[in-house]
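Each remark here refers to the structure printed beneath this line.
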Amino acid sequence: MSKGLPKRSEDYSLWYNELVKRADLAENSAVRGCMVIKPYGYSIWEKMQAQLDTMFKETGHTNAYFPLFIPKSFLSKEASHVEGFAKECAVVTHYRLKNAADGSGVIVDPEAKLEEELIVRPTSETVIWSTYKNWIQSYRDLPVLVNQWANVVRWEMRTRLFLRTTEFLWQEGHTAHATAGEAMAETEQMMQVYARFAEEYMALPVVRGKKTENERFAGAEETLCIEALMQDGKALQAGTSHFLGQNFAKAFEVKFATKEGGLDYVWGTSWGVSTRLMGALIMAHSDDNGLVLPPKLAPFQVVIVPIYRGEEELAMISVKAKELMLELKKAGISVKFDDRDTQKPGWKFAEYELKGVPVRIALGPRDLENNTVELARRDTLEKFSFELSEMPIAEKIKQLLEEIQNHIYQKALAFRKEKTTEVNSWEEFTRVLEEKTGFISAHWDGTSETEEKIKDLTKATIRCIPLDQKPEQGVCVFSGKPSAGRVLFAKAY
RNA sequence: CGGGGUGUAGCGUAGCCCGGUAUCGCGCCACAUUUGGGAUGUGGAGGUCGUAGGUUCGAAUCCUGCCACCCCGACCA
């Protein structure tokens, strides 16, 4: 392994790829487009899962599990849904292998052709709604509030670790309601859950918004989203929540007896976030020295590195280190004590910086003598000596972790503000897009045609119509037609 | 699927034009000296040169097929 990471300023995507690999988050696998998520990377995902899962349960949802395979016929029941996913589905056509007659290995047994092919789920609306049909008969059965943690497959042409892989891990919530209003409220609620998760846990500021018709989920009436800005000025969709109207209920004949004695189709929602969040996390905060992790999601928040000559010194330092570790653990802080004798302190410093550990404690003979430790924070790379008599170490670290969590959020927020530009002319639009990058807040005439043309010309898309959009009369930056408010454009991942 | 590129030790590479049995760095193993920012020295292990075939006394090198990966385009969370 060579030492330096590529610089963000020189080659951002190379920096990203190298960082993911060197920080032990993930690597490419033997299967094209699929990744191996390594233990350190998976630990972060587990932290995300745990927190999101808690939030889903707090909002009344329960986990369940639906099959990986979907009968082909299901997919075609909702017209726009098929259209959206048909081009990227993996299909199972056979169920058996056999030895080749010429001894060259195994081949697909042509005798074992499936009568109906199975699709590897690209998303589960269809299997789930075919199941809901049986679960729901009356308004008394509603709402159904279910989430599942699963893997899905979308056969992408070009993949990138975490950001776009053929198989990815995610959660998909699927709910059914008696009224449109209730379903819409659920859609909004879950978008807010995602936004809160991104901001409070990932330290990632997001714009809450609504997708335009072009960018909407295939099969949804309305898609709400959270959009984040990465350090290279490109936007990343971090989570989506869909109001499905009665589309899937109609496609799968999910009707319920209303309180009033009528029969009506059920209203649905679906919402999801994926391992793509890992990519967002990495790109939002990390620097040329490596990963910068928010304390709330770091696999361990503190690492203790002993500095010593000889076994006796290590033994003495270990006693102190273990004492500190215990104190920290009692306070709910996760700590790793790295007493490996196989690597030197300097090597460990660089390693934990690469891996984004929020706080490092270095403990050496001088510290034992002076009753101090050396603290270093990952976000600012500041180092300072801390007198253990000053206050309990756990309290100090707790403060520090909170400060780091807050600081990286503020830093990302300031960056987004700086990179969000209001523009009023087409000339300005293209110039800002090319030179400054980031979000562009501009008037749009509300038509898909204009959106398409802008995309063709510049690769920029409408990321969202912000929910906090101010009513403001203006003219479309492209067509000159009247507009009632600004939307956010950007080049996106 | 179009256009370009690359496959050589665990990783990154030189050699290929001009054919003679593979270079260097990192990592790995052993020993010694080291340990407050990626240590140093000495010794060592590790290779079907992507794959199948062809040309040749001889192929990493030349020719042909195939495979894989990367980059750029059309599609996407």
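The values are calculated or read from the model by the stated rules, or taken from the named source; none is laboratory data. Quantities reported herein were computed from a predicted structural model and do not represent experimental measurements. Glycine also receives a Cβ, built like all others from the backbone with ideal geometry; neighbour counts cover every protein chain displayed. Note: areas computed on protein heavy atoms with side chains; ligands, DNA, RNA excluded. Shrake-Rupley method; radii C 1.70, N 1.55, O 1.52, S 1.80 Å.
Here are some notes:
- Entries in A:Lys355/A:Lys417; A:Lys455/A:Lys481; A:Lys133/A:Lys259 that, when Cα-Cα distance is taken, lie over 20 Å: A:Lys355/A:Lys417
- Acute angle (nearest 10 degrees) that the helix A:310-330 long axis makes with the longest principal axis of chain A, alpha-carbon atoms: 50 degrees
- Alpha-carbon spread of chain A, three principal axes, descending order, Å: 80, 69, 55
- Convex hull of Cα atoms in the range A:380-467, direction-averaged projection (nm²): 8.7 nm²
- A DSSP coil position with no more than 13 other Cβ atoms inside 10 Å describes the following GluC sites (Glu not before Pro) in the range A:289-383: A:Glu382.
- Counting 0.36 nm for each residue step from A:Glu10 to A:Ala414 and taking away their Cα separation leaves a gain of 143.2 nm.
- Of all accessible heavy-atom area on chain A, the percent that carbon and sulfur account for (1.4 Å): 50 percent
- The base-10 log of I(q)/I(0) for the range A:420-490, evaluated at q = 0.14 Å⁻¹, reads -0.34 [Debye formula, identical scatterers on Cα atoms, solvent excluded].
- For the pair the range A:415-467 / the range A:308-354, the C-alpha centres are spaced 49 Å from each other.
- Sites listed here are GluC sites (Glu not before Pro) in the range A:219-269 whose DSSP assignment is loop and whose Cβ has at most 10 other Cβ atoms within 10 Å: A:Glu260.
- Per residue value of the accessible surface for chain A (all protein chains in place, 1.4 Å probe), Å²: 46 Å²
- Separation of the A:Asp53 and A:Leu368 label points, Cα + 7 Å toward Cβ, nm: 4.2 nm
- Within the assembled protein chains, the solvent-accessible surface assigned to A:Thr461 is about 10 Å², based on a 1.4 Å probe.
- The C-alpha atoms of the range A:1-103 occupy a region whose extents along the principal axes are 57, 51, 28 Å, arranged from largest to smallest.
- Charged neighbours of A:Gly446, selected by a Cβ distance under 11 Å, balance to -3 (K, R count +1; D, E count -1).
- Mean residue ellipticity (222 nm) of chain A, computed from DSSP H runs ≥ 4 via -39,500 (n - 2.57), nearest 500: -10500 deg cm²/dmol
- The angle between the Cα long axis of helix A:393-418 and the main principal axis of chain A comes to about 50°, on a 0 to 90 degree scale.
- Nearest 10 degrees, 0 to 90: helix A:180-200 Cα axis against chain A principal axis: 20 degrees
- Scaling against 2.2 N^0.38 Å puts the C-alpha radius of gyration of the range A:302-398 at 0.99.
- Note on A:Tyr65/A:Glu395: beta-carbon distance plugged into 1/(1 + (r/R0)^6) with R0 of 35 Å gives a FRET efficiency of 0.25.
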